[in-house]
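Below you'll find the structure, written out as structure tokens, and then a few comments.
The values are calculated or read from the model by the stated rules, or taken from the named source; none is laboratory data. Remember, it's a predicted structure, so these values are computed and weren't measured experimentally. Note that each Cβ is placed from the backbone with ideal geometry, even for glycine, and that neighbours are counted across all protein chains shown.
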Amino acid sequence: MHIVVCVKAVPSTTEVKMDPKTNTIVRDGRQAVVNPFDATGLEIALHIKDECAAAGDPCRVTVLSMGIPDTERLLRDCIARGADDGLLLSDRAFAGADTLATTYALSRGIACMDEPADLVVCGKMAVDGDTAQIGPELAGALDVPCVVDVQRLHGIVGSTLALERATDAGRELVEVDLPAVITVAKDAAQLRMPSIAGVLAAEGVPIAVKTAADVDADPARTGLSGSPTQVVRSFVPERASEAVCVTGDAAEQAAALVELIEEACR
Amino acid sequence: MSGLVIDTERCVGCGRCVKACASAGVELVRREGARPVAQPTGSCIFCGACVDACPVDAIAIEKDAGASEAELASYSGIWVFAQVDDEGRVLPVALELLGRARALADVRGCTLTALLGEGPDAPQDNERALVAAGADEVIVCRDGRLAVRDAEVFAHWVCDLARACRPEAILYGATAFGRELAPGVAVRLQTGLTADCTVLELDGATGLLQQTRPAFGGNLMATIVCPAHRPQMATVRPGVFAAPEPDWSRTGTVRTVSLDAAVAPRVRVLSREAASHGRSIAEAERLVVVGRGIGSKKNLPLARELARALDAEIGCTRPLVESGWLEYAHQVGQTGVSVAPKLLVSLGVSGAIQHLAGIGGAKVHIAVNDDPDAPIFGAATYKVVGDCIEVAEALLDKLGAQR
């Protein structure tokens, strides 16, 4: 079994700060971490790998990312935690990609791996973009079934995966045949810590860094050129009004709140 | 060739672009005997921060032109995907979208179509409700394969229709299902998709849909367009637009279509379980959210009691989930659930940026915190400075006395 886990480097969530003067996000590349949802995805993949190992079946986990060269550091950390290989798609041609162009790049990366992917695992969404589009778009691009918002892995029998997913109405237990794409909720698992042996071993593992040309990507479909959407304007939202202060002691405040609540619920 | 284009004639060399750039994608180059000018470097990621920062409009991101105007002009009409619930009723978000799309279709002078995919036993009056909400036309497909919400099956259906009828725009509710379906359609039609829009405007002359959504936790709003691909597609959270008053005198056409016989679901549903913790907080109309400021776990029952008195669901901030006080399903914020209640009462929530990212949709937000400078007040409608336990107890008293 070959599992590909897609990971994205995102600003460490506690580090996201706005510059009050320029109203831009203060970002420091060195603070990037693996998107927490993708970290859960990696744990799910490693769990399947453990089960395969227990059953004597071969299983390989590859972490895949599109990003700046520094992302290699994060992929190496994934390997220290138990992944086998890493592939980083890094090229100026990938820059400025929206979800469609990102999906295309990732699909090219998967297509160029020496072993086909039986299962592709993505986080349900990224904390910085919050579109939740990559998983379902990737499934469409690969023409494989997709299960989103996986809450729990129930088991894997042969090439059939049993999963619990969240839906608009509640939860469903579903079954899907591989190959497939799944996206995982953040609390579906907790990523294991790297072992010292893992960290040492990961230092020696070569991480493949490939350009758009290396993965035979059509330049018209990557990066800014391949992105149908574009941001035309970004602005700081104006607050409609300052918060109205409710004064007095607790009892007086509560009395005022009762009226405000009634009004709000009308 | 796409890229960052800097007009060196206009550039005054002020360096604001360099400061605004988080990825060292632009630098100042000094030339002999001339003022410095900005120039892109190899690490530009086209985020547009420098474009906004430039005081003299010297920077632009240029893209190759895509489809020709004639090609774009062959698309017309706005579609709204009308999701139905387990009982077969159209979800409120579909009606909300029709209300907004009606105004957009009037600006453009085009037809507004609702897409209704449902099982063979669905109620017969959904079409009427969609027309009453503003649709000119309802395209309906009744098929057993559409009785279960399988996003891939629905995506094939929507894509086949879109290829045949060429709509200019398709809007979806940002429900769990809508957020799975829309990307499936986008990738198959190779078009753009903007998630979770809060503002939709349409240029009457060009038909260009301006889709505005919060970025970076709601601190920035970004307006996104899809200039050279059709259909333009967006998802919109429930509660963002007001549902229109149904106009039962409106008339519209109903067109019945069939689903390609080759389409088959590939995900098998073995069992279903309705949400156990009541409604999801994402759809809650009233919400009480507690933060670390409530002090101790022993104050949780008080918050629950207040929620009950208000007929509200209960939510919390991330530290409370991490301390094991409440389950993750209750976590509001960037890594939890985004909420859009009519009434939000937050108790002892300081207002970390990641939390604020999830509450932007609240209509009326009453925040109680003992710190008058807490960031939560920046996002609140009403500011109550005080001990949140005392205020909650007093409020509970007043609410109790009312009954």
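Would you check if there is a residue in the range B:297-304 being without any contact (Cβ under 8 Å) to a residue 40 or more places away in the chain, under 18 Å from B:Asn369 (Cβ atoms), out of contact with any His (no Cβ under 9 Å at 6 or more places or on another chain) and of a type in the set (A, V, I, L, M)?
Checked the range B:297-304: at least one residue is without any contact (Cβ under 8 Å) to a residue 40 or more places away in the chain, under 18 Å from B:Asn369 (Cβ atoms), out of contact with any His (no Cβ under 9 Å at 6 or more places or on another chain) and of a type in the set (A, V, I, L, M).
With A:Asp168, A:Asp98 as the choices, which residue is surrounded by 18 or more Cβ atoms within 10 Å (Cβ to Cβ), closer than 22 Å to B:Ile281 by Cβ, of a type outside the set (Lys, Arg) and facing chain B (nearest Cβ under 10 Å)?
Exactly one of A:Asp168, A:Asp98 is surrounded by 18 or more Cβ atoms within 10 Å (Cβ to Cβ), closer than 22 Å to B:Ile281 by Cβ, of a type outside the set (Lys, Arg) and facing chain B (nearest Cβ under 10 Å), namely A:Asp168.
Which residue pairs have Cβ atoms under 6 Å apart, sit 6 or more places apart or on different chains, and have a first residue in the range A:31-50 that is assigned to a strand (DSSP E or B) and a second that is buried (at least 21 other Cβ atoms within 10 Å of the Cβ) and not hydroxyl-bearing (Ser, Thr, Tyr)?
Once the first residue is assigned to a strand (DSSP E or B) and sits in the range A:31-50, its partners that are buried (at least 21 other Cβ atoms within 10 Å of the Cβ) and not hydroxyl-bearing (Ser, Thr, Tyr) give A:Ala32/A:Ala9; A:Val34/A:Val7; A:Val34/A:Leu74.
Looking at B:Ser350, B:Ser323, can you tell me which residue is modelled with pLDDT under 90 and farther than 23 Å from A:Arg266 by Cβ?
B:Ser323
Pick from the range A:110-139 the residues that are surrounded by fewer than 24 Cβ atoms within 10 Å (Cβ to Cβ) and facing chain B (nearest Cβ under 9 Å): which of them is nearest to A:Val10 (Cα to Cα)?
Within the range A:110-139, the match that is nearest to A:Val10 (Cα to Cα) is A:Asp128.
So B:Arg145 passes all but one of these: (1) closer than 17 Å to A:Gly135 by Cβ; (2) in contact (Cβ under 8 Å) with a residue 40 or more places away in the chain. Which condition number does it fail?
(1)
Can you pull out the residues in the range B:242-255 that are modelled with pLDDT under 95 and either of a type in the set (Asp, Glu) or in contact with a strand residue (DSSP E or B) (Cβ under 8 Å, 6 or more places away or on another chain) (or both)?
Residue satisfying the conditions is B:Glu245 alone.
Among the numbered criteria (1) in contact with a Pro (Cβ under 9 Å, 6 or more places away or on another chain); (2) free of Cβ contacts under 8 Å to residues at least 60 places away in the same chain; (3) away from chain A (no Cβ under 14 Å); (4) assigned to a strand (DSSP E or B), which one does B:Trp79 miss?
(2)
Of the conditions (1) under 16 Å from B:Ile61 (Cα atoms); (2) touching a residue at least 40 places away in the same chain (Cβ under 8 Å); (3) within 14 Å of another protein chain (Cβ to nearest Cβ); (4) hydrophobic (A, V, I, L, M, F, W, C), B:Cys14 clears all except one; give me its number.
Checking B:Cys14 against (1) under 16 Å from B:Ile61 (Cα atoms); (2) touching a residue at least 40 places away in the same chain (Cβ under 8 Å); (3) within 14 Å of another protein chain (Cβ to nearest Cβ); (4) hydrophobic (A, V, I, L, M, F, W, C), the one that fails is (1).
Which residue is surrounded by the most Cβ atoms within 10 Å (Cβ to Cβ), if the candidates are limited to the range B:192-206 and must be out of contact with any His (no Cβ under 6 Å at 6 or more places or on another chain) and more than 23 Å from B:Ala242 (Cα to Cα)?
B:Thr206
Of the conditions (1) more than 12 Å from chain A (Cβ to nearest Cβ); (2) under 23 Å from B:Val93 (Cβ atoms), B:Gln334 satisfies every one except a single condition; which number is it?
Result: B:Gln334 passes all but (1).
Quick one: is B:Ala20 under 15 Å from B:Val56 (Cα atoms), surrounded by 14 or more Cβ atoms within 10 Å (Cβ to Cβ) and either in contact (Cβ under 8 Å) with a residue 60 or more places away in the chain or more than 12 Å from chain A (Cβ to nearest Cβ) (or both)?
Considered against the rule, which asks whether it is under 15 Å from B:Val56 (Cα atoms), surrounded by 14 or more Cβ atoms within 10 Å (Cβ to Cβ) and either in contact (Cβ under 8 Å) with a residue 60 or more places away in the chain or more than 12 Å from chain A (Cβ to nearest Cβ) (or both), B:Ala20 comes out as no.
Could you go through the range A:222-240 and let me know if any residue there is within 25 Å of the chain's Cα centre (by Cα) and more than 8 Å from every other protein chain (Cβ to nearest Cβ).
The answer is yes; a qualifying residue exists.
Please report, ordered by residue number, the strands (runs of 3 or more DSSP E) entirely within the range B:9-67 with at least 2 residues that are over 30 Å from the mean Cα position of the chain (by Cα) and under 26 Å from A:Thr222 (Cβ atoms).
Per the criteria, B:26-29, B:37-40.
Residue by residue through the range A:133-148, note down the ones that are in contact with a strand residue (DSSP E or B) (Cβ under 7 Å, 6 or more places away or on another chain) and over 13 Å from A:Ile182 (Cβ atoms).
Correct list: A:Gln133 only.
Of all the residues that make up the range A:188-212, how many are within 14 Å of chain B (Cβ to nearest Cβ) and surrounded by fewer than 18 Cβ atoms within 10 Å (Cβ to Cβ)?
Result for the range A:188-212: 2.
Is the range A:178-187 home to any residue that is farther than 26 Å from A:Arg76 by Cβ, part of a loop (DSSP other than H, G, I, E, B) and more than 14 Å from every other protein chain (Cβ to nearest Cβ)?
Looking for residues that are farther than 26 Å from A:Arg76 by Cβ, part of a loop (DSSP other than H, G, I, E, B) and more than 14 Å from every other protein chain (Cβ to nearest Cβ), one finds none in the range A:178-187, hence no.
Do we have B:Ala284 as at pLDDT below 95, in a loop (DSSP other than H, G, I, E, B) and either of a type in the set (A, V, I, L, M) or closer than 28 Å to B:Glu313 by Cα (or both) here?
Yes: the conditions hold for B:Ala284.
For residues that are within 12 Å of chain A (Cβ to nearest Cβ) and at pLDDT 85 or above, scanning just the range B:23-52, find the one that is surrounded by the most Cβ atoms within 10 Å (Cβ to Cβ).
B:Cys50
Taking B:Ile224, is it among the hydrophobic types (A, V, I, L, M, F, W, C) and either surrounded by fewer than 19 Cβ atoms within 10 Å (Cβ to Cβ) or more than 12 Å from chain A (Cβ to nearest Cβ) (or both)?
no
If you take the residues of the range B:333-358 that are in contact with a helix residue (DSSP H, G or I) (Cβ under 7 Å, 6 or more places away or on another chain) and over 14 Å from B:Ala380 (Cβ atoms), which of them is surrounded by the fewest Cβ atoms within 10 Å (Cβ to Cβ)?
Ranking the candidates gives B:Lys342 first.
Which numbered condition in (1) facing chain B (nearest Cβ under 8 Å); (2) touching a strand residue (DSSP E or B) at 6+ places or on another chain (Cβ under 8 Å) is the only one that A:Ala255 fails?
Single failed check for A:Ala255: (2).
Considering B:Val107, B:Val84, B:Val90, which residue is assigned by TED's automatic domain parsing to the domain that holds B:Val199, over 30 Å from B:Ala274 (Cβ atoms) and either surrounded by 19 or more Cβ atoms within 10 Å (Cβ to Cβ) or modelled with pLDDT of 95 or more (or both)?
After ruling out the rest, the residue left standing is B:Val107.
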